[in-house]
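The values are calculated or read from the model by the stated rules, or taken from the named source; none is laboratory data. Nothing here was measured: the structure is a model prediction, and the numbers come from that model. Don't worry about glycine lacking a Cβ; one is built from the backbone with ideal geometry, like all the others, and counts go over all protein chains shown. Quick note on the areas: whole protein, heavy atoms, side chains included, nothing else; ligands and nucleic acids left out. Shrake-Rupley method; radii C 1.70, N 1.55, O 1.52, S 1.80 Å.
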Amino acid sequence: MARVISDACVSCGTCEGECPVGAISQGDSQYVIDPDTCIDCGACESACPTGAISEA
């Protein structure tokens, strides 16, 4: 199951660089994860400084 980014996201971009498959991109107001591309590795979750990323 793909990870999701909550409203706690501050759009720092740290997670985007950590994703090995490029599933994270800048959305309208914060970063978003493409659930079809996400491999659920958790690299983004551990990199997020605000804890905004979690399992869906």
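At a glance:
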read-out: In region 12-23, the residues that are touching a helix residue (DSSP H, G or I) at 6+ places or on another chain (Cβ under 6 Å) and closer than 16 Å to THR50 by Cα; value: THR14, CYS15, GLU18
read-out: Any hit, region 25-33, residues being part of a helix (DSSP H, G or I) and surrounded by fewer than 17 Cβ atoms within 10 Å (Cβ to Cβ); value: no
read-out: Unique residue being at pLDDT 95 or above, outside any loop (DSSP other than H, G, I, E, B) and open to solvent by 30 Å² or more (accessible area, probe 1.4 Å) when the list is SER11, SER46; value: SER46
